[in-house]
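First up is the structure itself, then whatever we jot down about it.
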Amino acid sequence: MGHLFNRAALALCCAGWLVATGPVLAEEAKPEPKPLKLTTTADHAKFKELQKTFNSGPEVTKACLACHTEAAGQIHRTKHWKWEYLNPDTKQTLGKKTVVNNFCISVASNEAACNSCHIGYGWKDASFDFKSEENVDCLACHDTTGNYKKPSGLAGNVVTKDMEFPPGSGKILKAIDLSKIAQKVGKSSRDTCGACHFFGGGGDGVKHGDLDSSMSAPEKELDVHMDATGLDFTCGTCHKTSSHDVAGSRYSPTAKDSKGAHLRGKTDNGNPATCVACHNNAPHKSVARLNQHAGKIACQTCHIPSFARGGIPTKMTWDWSTAGQLDAAGKQITKKDAKGRIIYESRKGDFTLGENVKPEYVWFNGNVTYTLITDKIEKSDQRVPINKIGGSPSDGKSMIWPMKVFRGSQPYDPVNKTLVTPHTAGNDDTGYWKNLNWDKAIAVGMNTSGHPFSGKIDFIKTEMSWPINHMVAPKEKALGCAECHSKDSRLAGIQGVYIPVRDNNKLLDTIGWAVVFLTLLGVIGHGAMRIVTARRH
Amino acid sequence: MKLATTLAAGVALSLLAASAFAYDADWKRGRVYYRSVCTSCHAVQPIGTINPSSKTKAEWAAYLKADKHAKGKDTVKQYVSKAYRASIKSGNKAAEKFADTPDQELLDDVAAFLTKGAKDGDSPASCN
């Protein structure tokens, strides 16, 4: 018995020694630490479901949805998917599917080209199934490789085998490796949002003016928040997204944010993408006078002194009425300016471009009313507003805002008095960009969008306003006082507010200064008399 | 020819083996470093800016392997090193931001950006 006890005691001692020395031994061995990703909790490269060849976009989506079961349903509720939005204030049905603009004009009948920027696969015409889950394109927003591409003309589909497109053109579209891309998915970035929003209107920087590819990794001078070596904001830092619904749309902008800085846990925080949502309503710490300015002037007005500052020009005008010219051989022509930038194309007409453009300024209360295809328009000296910016100095809701105002001339129906939706893109007999025939292009386009067309065509002058929000300069580069408080004020066109220096009256100024001078003279004279009389005593 | 094929296959295999454990290069960080640090000097003539898209993937790989900067006067690696970053960080925000990044990781990042942005890369890129 005693023998047995001794043995057990020895075994326990040995076990204890092992337990005690185990970690020390392990520490001595110092195994290499496992590579750890700190930007995500799931390394998608490790998922077997993604370690395979994918022959189409929807195949990838199916793999995503196997785990992310609710994602497609969430996407289905958004503007990014529906391209449709009911403005609760104006009751207008908007969205890319419906609105008409003065760039490439409209989506209807041009889906195969335009919808390379839709976050879905296969929207080529009205038959697209908006309930399909597998046609949701996860990679458009979640690619991190920068190699995910959706070429124009393929209805939002991707190329997984090299192909000639358009057929017979000799141009080869290179295949992308969906497996590699799927294994590297991550959060959305300036690059993913920018893949569409930098290139709106058919090219880099064309549409917005404050969004172009220079914003993919900008320096501080260009954007103080997105500065790649500084704060490094992504789009989502401000456009805070929940349930896949991205906040801060231009369809219903917030012109005056009186809710103040957002607090965690508060439920009625409002639009997270405004300046005020972080900076509050009185952000100027050292000069209180500037906070008074902030009651009437949007932050953007002073803090975005000009747009298209990143070296990429933005389109400022587009005249469709001059499209259709051919050279002596009957071929389409392209004209370029001294810098090699396109300023005329047979299929599109004349353009002008701008860099470092000073915005135009207007009173803006957040109400935007679109001129839709169903609205009547009249040809006159006044341009037809594609989107009418609401606001006045006295409604209590307006602020002075900077705008890019894009002016153009576009086809319309002079009999029905409406804008029209031409069929432009497409490798077919009726696409304007191929055959330069407005009659066919507009007839087909209007038939597709489902609106009457008289057969008569004329051109009408239009303008579209784009509130400027991005390319916020460092505070040292904000506008100085004299930019507005001078005779050639930036706010020359702003009515309903007294702006010192801009609005001064010479007679009033002379009287005022005379009063000051005479008062001074009186004080000095009185003082002198007192001194003289004091000496006498 | 056969020898060359065998050699190429060997190189490819060893690369694959290495990449199984290698650091996962961040092309975006490479983009920022290339554009902020490399371009900041190269903007000046006579050499001027060098767009990633001005060379092929193979040319960039050969350039980085040879590691000869300014025709061999110094090395490429030197300009990605912590020591170099420390020397310029007072005037260069990218060098300051990535001051503590391991040399090899940053070199891999820059290489990833150059490969991606090469003439025959997935997204030919410019320097700004």
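Lysine pair count for the stretch A:144-198 (Cα-Cα distance under 20 Å; residues 8 or more apart in sequence or on different chains): 16. Were the residues from A:SER243 through A:CYS67 laid out at 0.36 nm apart, the gain over their Cα-Cα distance would be 61.8 nm. Apply the a/c threshold of 1.5 to the C-alpha gyration tensor of the stretch A:401-458 and tell me whether it is rounded, prolate or oblate. Oblate, because a/c is 1.5 or more while a/b does not exceed b/c. Summarising the amide proton neighbourhood of A:LEU173: residues at separation of 5 or more, or on other chains, whose placed amide H is nearer than 5 Å comprise A:MET163, A:GLU164, A:PHE165. What is chain A's relative contact order, in percent, from Cα pairs under 8 angstrom and six or more apart in sequence? Reported as a whole number, the value is 13 percent.
Shape class of the protein assembly as shown from the alpha-carbon gyration tensor: oblate, with a/c at 1.5 or above and b/c at least as large as a/b.
Note on the protein assembly as shown: antiparallel DSSP beta bridges, both residues inside, total approximately 85 percent of the bridges counted.
Short-range pairs are left out: with C-alpha atoms under 8 Å and at least six residues apart, the relative contact order of the stretch B:26-117 is 49 percent.
Report the trypsin sites (Lys or Arg not before Pro) located in the stretch A:455-530 that are in a DSSP loop and have at most 14 other Cβ atoms inside 10 Å of their Cβ, or state none. The qualifying sites are A:LYS456, A:LYS487.
Each reported figure results from applying straightforward, stated rules to the coordinates on display, with no laboratory input. Note that the structure is a prediction, hence the values are computed from the model and not measured. Methodologically, a virtual Cβ is constructed for each residue, glycine included, from the backbone with ideal geometry; neighbour enumeration extends over all protein chains shown.
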